[in-house]
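J.: This structure is in C-alpha cells; I'll ask about it shortly.
The values are calculated or read from the model by the stated rules, or taken from the named source; none is laboratory data. Because the structure is a prediction, the values reported are computed rather than measured. Here the Cβ positions follow ideal geometry from the backbone for every residue, glycine too, while neighbour counts run over all protein chains shown.
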Amino acid sequence: MFSTIAVEKLRVGMYVHLEGGWLSHPFPRSAFRIGSDEQLATLRGLGLKEVRWSPDKSDLPEATSADAGPAAAGTEPGTDVPAAAPQPDPEQVERRRALEAQRATVQRCERRYSEAARSWREATAALGMRPDAALQCSAALAQGMLNDLLVENDIAIRLVNGASGDRAAAHALNVAVMSMLIGRTLKLDEAELLDLGIGALMHDIGKLELPERLRHPDEGFSAAEVTGYRDHVAKGLAQGRRLGLPAGALAVLAQHHEHADGSGFPLRLPGDKMTRPARIVAIVNRYDNLCNPPARVHPLTPHEAVSMLFAQGRNRFDANVLSAFIRMMGVYPAGSLVQLTDERYAMVVGVNSSRPLKPRVLVHDPKVPRSEALLLNLEDTPDIGIRRSLVATKLPPAALEYLDPRPRVAYYFEALTATAPRQEPSA
C-alpha cells in the first residue's frame, strides 16, 4: 500500500519510493528503507515536496509513526506499524553510504561530460556564421575542463558512457581530457594547458568541411583521396585563424599529425620543430583512433592500444611524452577488460593518473546486482592484482553481460579524495 508524505516529515526507518530512474537521484535503488540521517539529508536536498512510502514495509517506533500523521501520510486509522525499529547493521550502513557516494561520483562525471559534449557541439555549430561565438564557447569549455583538472587531489581518468552516436564530439573530448592530463603530469603552466585544451578540442575542425567518406583514412584510399583526407589539417588551421584561436592552439591544429621522426604530414616536421602541446596531441589522437575507429575498422582494446604505441611508437612519437602517457594511463587503461589474480573477471573503470598500476575495477559478482556493486580499489588489496587483459569475446557470457562494456571508450576527469568508496575483496 502506497501513501504520500511531506519530505520534511520523513523519518529513519520509512520505506520510500522515488519517482524517475537512478539518474534522478544518488541512491542505488528507487525504493528503499531510510537507514541514516545522512540519507534523510540527501532526500531533503532533492527538491521534492513529497514522496510515496509504504507503511507496511517500514520499521518505525510507534511514536514516530504517529508523528507522520494519517492526514499527512495518507494512511488509514488502525494501520499496524511495527512497534520498534531494529538496529541497522553497521556494515550494511557503511556499504550503503559507499554506494551512495559512488553513485554521486558517477552522476557528477557523466553530467560534466554531457555538458562538455553539448558545449563542443555548440562551438562547432557556430563555426560558419558566428566565429566569435565559436571562439568564446571553445575557450570557455577548455577553461572549465582546466578548472576540473587544477585541484590539489589526485586526478583519475574515469570511464563514462560517452556522447552517444556522436563520434566527433567523443573523439574531441577524449583527446582533450587525456592531453590535458599529460600536460598536468609534465607540469605545463596554466596558459599552456589552456592552449593545449583549446587545440585538442578543435584539432579536427577541418574535417567538418570534408565529405563524410574522407573524414577517416582508409587503406583502400586512392592517392587523390589520401590528399583529400590530409587536407583537413590546412582547412582546420584556416578555420582556427579565422576564429582567432591563440597561437599555442593553432600549433596543435597545424601539427597534430606530424611525427617526431619526420614521417608525419603535412610538413614532415621533426620533433624538435613541434610544440610540446602538439607532440602530446599527436600521441593521444593516435591512441583514441586505435580504440575508437570508424565503424568499418576493428577497435583495439585500451591495453592493446597502449602496447602498440609502446612497441611501434618509440621512434614515431616524442619519447618523453610517450613515456608520460603510458605512465599516466597504466598498463591497463580505463575500459580494459581483465582477469584478476583470483580468477574473477572485471572491467577497469578508473585509473589514478599518479598511481596507475592499481586501478579501480568493476568485478563480476553474480551474488551482487550490478547496480549495487562497489568498485574494487586495487590500491587497497595488495593480495589481488590483474593477471591479464582480455578481449570481450574471451569472457564468459554471464561476465560480459554483467560488465556490459560500452562500444566506445570515453573518458572524463575524476578528482580523488582520501574517503573514496572502498570495497573489501570477496572470498
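J.: For region 359-417, name all the residues that are charged (D, E, K, R), buried (at least 18 other Cβ atoms within 10 Å of the Cβ) and over 20 Å from the mean Cα position of the chain (by Cα).
T.: Within region 359-417, the subset charged (D, E, K, R) is 360, 365, 367, 370, 372, 379-380, 383, 387-388, 394, 401, 404, 406, 408, 414.
Those still in the list that are buried (at least 18 other Cβ atoms within 10 Å of the Cβ) too: 360, 365, 408, 414.
Scanning region 359-417 gives a single hit, D365.
J.: Filter region 160-178 down to residues that are farther than 16 Å from A139 by Cβ and either in a helix (DSSP H, G or I) or at pLDDT 95 or above (or both), then give me how many there are. It would help to see each step written out before you state the result.
T.: Taking region 160-178 and keeping what is farther than 16 Å from A139 by Cβ, we get 160-171, 174-175, 177-178.
Narrowing further to those that are either in a helix (DSSP H, G or I) or at pLDDT 95 or above (or both): 167-171, 174-175, 177-178.
The total comes to 9.
J.: Still on this model: Which pairs turn up if I take residues in region 37-61 that are in contact (Cβ under 8 Å) with a residue 40 or more places away in the chain and surrounded by 14 or more Cβ atoms within 10 Å (Cβ to Cβ) and look for partners that are assigned to a loop (DSSP other than H, G, I, E, B) and of a type in the set (S, T, N, Q) with beta carbon separation below 7 Å, at least 6 apart in sequence or on another chain?
T.: P55/T75; P55/T79
J.: When you scan region 312-335, do you find a residue that is crowded, with 19+ Cβ neighbours inside 10 Å, without any contact (Cβ under 8 Å) to a residue 60 or more places away in the chain and in contact with a strand residue (DSSP E or B) (Cβ under 6 Å, 6 or more places away or on another chain), even just one?
T.: The answer is yes; a qualifying residue exists.
J.: Among the candidates A251, A295, which residue alone is under 23 Å from R215 (Cβ atoms) and at pLDDT below 95? Talk me through it step by step, then tell me what you get.
T.: Working: A251 fails: at pLDDT below 95.
Just one listed residue meets the conditions, A295.
J.: Further, regarding this structure: Which of (1) touching a Phe, Trp or Tyr at 6+ places or on another chain (Cβ under 8 Å); (2) not assigned by TED's automatic domain parsing to the domain that holds P407 does M328 not meet, given it meets every other one?
T.: In the conditions (1) touching a Phe, Trp or Tyr at 6+ places or on another chain (Cβ under 8 Å); (2) not assigned by TED's automatic domain parsing to the domain that holds P407, M328 misses (1) alone.
J.: Just a yes or no: is a residue in region 258-274 part of a helix (DSSP H, G or I), among the basic types (K, R), crowded, with 20+ Cβ neighbours inside 10 Å and in contact with an Asp or Glu (Cβ under 9 Å, 6 or more places away or on another chain)?
T.: At the first step, the residues of region 258-274 found to be part of a helix (DSSP H, G or I) are 271-273.
Among the residues that remain, those that are also among the basic types (K, R) are: 273.
Applying the additional criterion that residues be crowded, with 20+ Cβ neighbours inside 10 Å yields none.
No, region 258-274 contains no residue that is part of a helix (DSSP H, G or I), among the basic types (K, R), crowded, with 20+ Cβ neighbours inside 10 Å and in contact with an Asp or Glu (Cβ under 9 Å, 6 or more places away or on another chain).
J.: Could you tell me whether region 366-389 includes any residue that is touching a helix residue (DSSP H, G or I) at 6+ places or on another chain (Cβ under 8 Å), under 13 Å from L159 (Cβ atoms) and not aromatic (F, W, Y)?
T.: Step one: list which residues in region 366-389 are touching a helix residue (DSSP H, G or I) at 6+ places or on another chain (Cβ under 8 Å), which gives 366, 370-372, 374-375, 384-386, 389.
Add one more test, that the residue is under 13 Å from L159 (Cβ atoms), and what stays is 375.
Narrowing further to those that are not aromatic (F, W, Y): 375.
For region 366-389, residues touching a helix residue (DSSP H, G or I) at 6+ places or on another chain (Cβ under 8 Å), under 13 Å from L159 (Cβ atoms) and not aromatic (F, W, Y): present.
J.: Moving on. Among all residue pairs at least 6 apart or on different chains, which show Cβ distances below 6 Å where the first residue, located in region 174-195, is more than 24 Å from A117 (Cβ to Cβ) and the second is buried (at least 24 other Cβ atoms within 10 Å of the Cβ) and hydrophobic (A, V, I, L, M, F, W, C)?
T.: Partner pairs satisfying both residue conditions: none exist.
J.: Could you check A415 against (1) of a type in the set (A, V, I, L, M, F, W, C); (2) in contact with a strand residue (DSSP E or B) (Cβ under 9 Å, 6 or more places away or on another chain); (3) more than 27 Å from D166 (Cα to Cα) and say which number it fails?
T.: Failing condition for A415: (3).
J.: Looking only at region 158-197, which residues are in contact with a Pro (Cβ under 7 Å, 6 or more places away or on another chain) and either outside the structural domain of L243 (by TED's automatic domain parsing) or among the hydrophobic types (A, V, I, L, M, F, W, C) (or both)?
T.: L196
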